[in-house]
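One structure is given below, encoded as structure tokens.
The values are calculated or read from the model by the stated rules, or taken from the named source; none is laboratory data. Just so it is clear, the model here is predicted, and its values are computed rather than measured. So basically every Cβ, Gly included, is an ideal-geometry build from the backbone, and we count neighbours across all protein chains shown.
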Amino acid sequence: MFSIPTENRTTHPLRASQPKTEHRRRYAPPNQKPHTASVMRLATEHRKPQTLCASPPKTEHRRRYAPPHRKPNTADVTRLPTENRETLNIFFFAEQLLFHYFCENYPIFMNILTLTANPFQVNTYIVYNSDKQAIIIDPACSNPEEQNYFIREIDKHGLTPAMILLTHGHIDHILGCGFMREHYKIPVFAHEFTEIFIAQAESSADLFGLHLSHPPVIDKFIEHEQTIGIDQISFKAFHTPGHASGSLCFYSETSELVFSGDVLFQQSIGRTDLPTGDMDVLLFHIRKYLLTLPPQTIVYPGHGPKTTIENEIHTNPFL
Ligand SMILES: [Zn+2]
Ligand SMILES: [Zn+2]
């Protein structure tokens with residue numbers, strides 16, 4: 001039911017930089033620490049530097065250009081008192097005016113649950129509609145403890161997962177793919193070029209001393225500019241290689257947000273020194289499909305805090 005932008009986007013999430021997790025935690029602006037509360041407390045020996053998606057040093061710019069708070073949304077508006085509506089016609093009329101005002105001026109609200117997991121601190125996003133149907137983006141739970149944590153959070157919010165979307169096939173983003181697919185009996189969607197990473201998933205996990213309880217599987221391919229989603233939630237997929245072949249960004253025009261995987265981060269971009277990486281290709285796709293989005297678009301990256309297109313245009317040293 002939502003219209004979606006017609007531009008294309010493709011990216012590749014690995015970037016060439018230094019470890020970022022500690023920097024990010026230490027220097028993230030106070031109002032940009034949405035993930036810290038949900039970060040899994042992993043054994044410190046597993047908290048080795050991220051080798052798949054590093055980021056550059058943070059600066060004061062970040063604090064200064066912190067994304068503005070989200071505007072009120074229609075969900076808030078519709079929570080107006082409902083008693084006495086029959087008798088208070090004037091109040092009802094005012095409510096309708098408010099409703100139309102907010103509908104026309106503010107983005108459609110999308111519920112987003114962020115769960116950060118595994119030694120690479122990947123952000124798994126669970127977006128859900130008013131019926132509590134959910135889409136899981138990059139299930140990153142890597143062991144039974146994290147798997148149980150994810151299930152508890154999903155249960156706690158009363159959600160029913162309907163599908164899994166993969167931004168790309170790097171091992172840190174697919175560690176929980178097979179498990180969640182099996183547990184909820186839901187299909188996995190990804191770009192066809194992600195298959196090559198899926199096929200090597202077990203050996204990739206071994207490299208990092210990780211174990212895949214269930215091998216990842218792709219059930220259906222997503223094409224560039226294809227629209228995908230569930231009732232009330234719709235994304236346009238943009239193929240954005242350069243970090244990893246098959247990288248996708250999922251954009252919602254109506255909710256003014258994009259899930260960027262490892263293509264674009266707060267003040268960084270995906271590293272390009274891993275197989276299928278290419279800096280020129282990555283920058284091309286970022287500029288073509290992400291930087292052309294409305295400036296207020298919120299960017300939900302595969303690692304670290306969210307940002308906005310406007311912030312990155314002004315402060316990202318790689319762009
Ligand atoms: Zn990656
Ligand atoms: Zn990553």
Filtered residues of the stretch 254-285 (kept if more than 16 Å from ligand 2 (Cβ to nearest atom), in contact with a His (Cβ under 9 Å, 6 or more places away or on another chain) and outside any loop (DSSP other than H, G, I, E, B))
V281, H285
From the residues in the stretch 116-127 that are in contact with a helix residue (DSSP H, G or I) (Cβ under 9 Å, 6 or more places away or on another chain) and not small (G, A, S), which one is surrounded by the fewest Cβ atoms within 10 Å (Cβ to Cβ)?
I126
Have a look at L290, L248 and point out the one that is within 14 Å of ligand 1 (Cβ to nearest atom), within 26 Å of N111 (Cβ to Cβ) and under 18 Å from the mean Cα position of the chain (by Cα).
L248
Inspect the stretch 294-302 for any residue being out of contact with any helix residue (DSSP H, G or I) (no Cβ under 9 Å at 6 or more places or on another chain), closer than 28 Å to K185 by Cβ and not in a helix (DSSP H, G or I) and give the result as yes or no.
yes
The condition of being within 22 Å of M163 (Cβ to Cβ), crowded, with 18+ Cβ neighbours inside 10 Å and under 14 Å from the mean Cα position of the chain (by Cα) holds, among F235, F265, only for F235
Among the residues of the stretch 269-297, how many are surrounded by fewer than 21 Cβ atoms within 10 Å (Cβ to Cβ), of a type in the set (A, V, I, L, M, F, W, C) and in contact (Cβ under 8 Å) with a residue 60 or more places away in the chain?
3
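Residues checked against (1) acidic (D, E); (2) over 16 Å from E192 (Cα atoms); (3) within 16 Å of ligand 1 (Cβ to nearest atom):
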| site | (1), (2), (3) |
| --- | --- |
| P216 | no, no, yes |
| I233 | no, yes, no |
| S252 | no, yes, no |
| H285 | no, yes, yes |
Every residue from the stretch 189-224 that is more than 17 Å from D138 (Cβ to Cβ), touching a His at 6+ places or on another chain (Cβ under 8 Å) and surrounded by 14 or more Cβ atoms within 10 Å (Cβ to Cβ):
H224
From the options M163, M110, residue that is modelled with pLDDT under 95 and not polar (S, T, N, Q):
M110
Scanning for something more than 30 Å from G242 (Cβ to Cβ), out of contact with any Phe, Trp or Tyr (no Cβ under 6 Å at 6 or more places or on another chain), touching a residue at least 60 places away in the same chain (Cβ under 8 Å) and not β-branched (V, I, T), does the stretch 100-123 turn up at least one residue?
yes
When G246 is run through (1) assigned to a helix (DSSP H, G or I); (2) of a type outside the set (S, T, Y); (3) touching a helix residue (DSSP H, G or I) at 6+ places or on another chain (Cβ under 6 Å), the failure sits at (1)
Tell me the residue from Y251, Y289, Y300 that is within 16 Å of ligand 2 (Cβ to nearest atom) and aromatic (F, W, Y), please.
Y300
If a residue counts only when it is closer than 20 Å to A205 by Cβ and within 13 Å of ligand 1 (Cβ to nearest atom), which strands (runs of 3 or more DSSP E) contained entirely in the stretch 118-181 have at least 1 such residues?
122-128
